[in-house]
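Heads up, the thing below is written out as structure tokens.
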Amino acid sequence: MEGLASINHYLRFVATLTAVVDPFLAVPFFLAFSATRTQPQRASLALVVALAVFSVLAGAVLFGEAVLSAVGASLPSFRVGGGLVLLLMSLAMLNAQVGSLRQSNAEARELEAGEVSGVVPLAIPLLAGPGAISTAIIAVERGSLAHQAVIIVCIALVCLLCWVTLRLAHRIASRLGINGISIATRVLGLLLAAMAVQTMSEGLKQLFPVLAHG
């Protein structure tokens with residue numbers, strides 16, 4: 001269909017966004033926050049978190065480029081900056097850590113104390129943080145409305161995975177354990193590192209065309 005990218009582009013976006021969001025990393029935090037809640041309350045919280053993530057990322061797709069234009073930033077430079085953010089996130093994930101880009105120390109303390117609603121910081125910035133927002137904006141690349149619509153559908157699929165993961169958080173934790181979740185996080189971190197380098201490479205080639213012919 002005219003105005004759409006290749007299927008590989010969308011598959012790559014889904015894989016990258018899944019690695020960036022990393023719903024498995026949120027499982028221990030979700031369990032800690034919802035420990036005193038009933039099963040219906042946990043199910044409701046999982047849905048609210050997934051919807052919040054979708055709203056933030058869909059908003060980034062629809063308005064992200066306008067914001068970049070308003071501040072005078074180009075997409076190629078944003079690719080390099082966004083790729084650097086993803087690379088830093090991947091390094092933390094390779095150590096099975098949350099990293100300060102996802103969650104500050106103050107936010108972690110609030111979560112442990114149960115002083116937050118669950119949307120913050122579970123949805124924002126733990127799941128829909130700077131890396132996920134950057135990934136969504138980069139994926140649009142001044143595409144057509146049809147392209148934006150498909151990107152939003154891809155975001156919805158990733159958010160559906162987030163909802164399922166949080167909805168089954170207790171089962172996942174009991175089956176995988178801390179070690180299993182750490183391994184899954186490290187694998188996603190390795191994938192994210194590769195995607196981050198690719199994103200930075202494409203941005204640098206656009207900023208410095210001579211690199212494309214080197």
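The values are calculated or read from the model by the stated rules, or taken from the named source; none is laboratory data. Here the structure is a predicted model, which means the values were calculated and not measured. Here the Cβ is made from the backbone with ideal geometry for all residues, glycine too, and neighbour counts use every protein chain on show.
For every residue, the table says whether it meets (1) small (Gly, Ala, Ser); (2) over 21 Å from LEU94 (Cβ atoms).
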| position | (1), (2) |
| --- | --- |
| ALA139 | yes, yes |
| HIS147 | no, yes |
| LEU166 | no, yes |
| ARG171 | no, yes |
| GLY189 | yes, no |
| PHE208 | no, yes |
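Which condition does SER44 not pass, out of (1) modelled with pLDDT under 90; (2) over 26 Å from LEU191 (Cα atoms); (3) out of contact with any Gly (no Cβ under 8 Å at 6 or more places or on another chain), if it passes all the others?
Unmet for SER44, out of (1) modelled with pLDDT under 90; (2) over 26 Å from LEU191 (Cα atoms); (3) out of contact with any Gly (no Cβ under 8 Å at 6 or more places or on another chain): (1).
I'm checking my understanding of the structure. Among residues of region 1-38 that are without any contact (Cβ under 8 Å) to a residue 24 or more places away in the chain and aliphatic (A, V, I, L, M), which one is nearest to VAL120 (Cα to Cα)?
Here the residue is ALA35.
Could you check region 130-147 and list, in sequence order, the residues that are surrounded by fewer than 18 Cβ atoms within 10 Å (Cβ to Cβ) and in a helix (DSSP H, G or I)?
PRO130, LEU145, ALA146
Tell me which residues, restricted to region 29-40, are farther than 11 Å from HIS170 by Cβ and touching a helix residue (DSSP H, G or I) at 6+ places or on another chain (Cβ under 8 Å).
Those that are farther than 11 Å from HIS170 by Cβ and touching a helix residue (DSSP H, G or I) at 6+ places or on another chain (Cβ under 8 Å): PHE29, ALA32, PHE33, ARG37.
Kindly evaluate GLY131 against the criterion of being touching a Pro at 6+ places or on another chain (Cβ under 8 Å) and closer than 15 Å to VAL85 by Cα.
No: the conditions fail for GLY131.
For region 199-213, which positions are among the hydroxyl-bearing types (Ser, Thr, Tyr) and surrounded by fewer than 16 Cβ atoms within 10 Å (Cβ to Cβ)?
Result: SER201, single match.
Would you mention how many residues in region 180-214 are more than 30 Å from HIS170 (Cα to Cα), touching a helix residue (DSSP H, G or I) at 6+ places or on another chain (Cβ under 7 Å) and among the small types (Gly, Ala, Ser)?
Of the residues in region 180-214, 3 are more than 30 Å from HIS170 (Cα to Cα), touching a helix residue (DSSP H, G or I) at 6+ places or on another chain (Cβ under 7 Å) and among the small types (Gly, Ala, Ser).
Is it true that some residue in region 112-119 is outside any helix (DSSP H, G or I), modelled with pLDDT of 90 or more and out of contact with any helix residue (DSSP H, G or I) (no Cβ under 6 Å at 6 or more places or on another chain)?
The answer is no; no qualifying residue exists.
Output the number of residues of region 4-42 satisfying the condition of being farther than 26 Å from SER90 by Cα, in contact with a Leu (Cβ under 9 Å, 6 or more places away or on another chain) and assigned to a helix (DSSP H, G or I).
Summing the residues that are farther than 26 Å from SER90 by Cα, in contact with a Leu (Cβ under 9 Å, 6 or more places away or on another chain) and assigned to a helix (DSSP H, G or I) in region 4-42 gives 1.
Looking at the structure I just gave you, is ALA196 within 24 Å of LEU75 (Cα to Cα), modelled with pLDDT under 90 and loosely packed, with under 14 Cβ neighbours inside 10 Å?
No.
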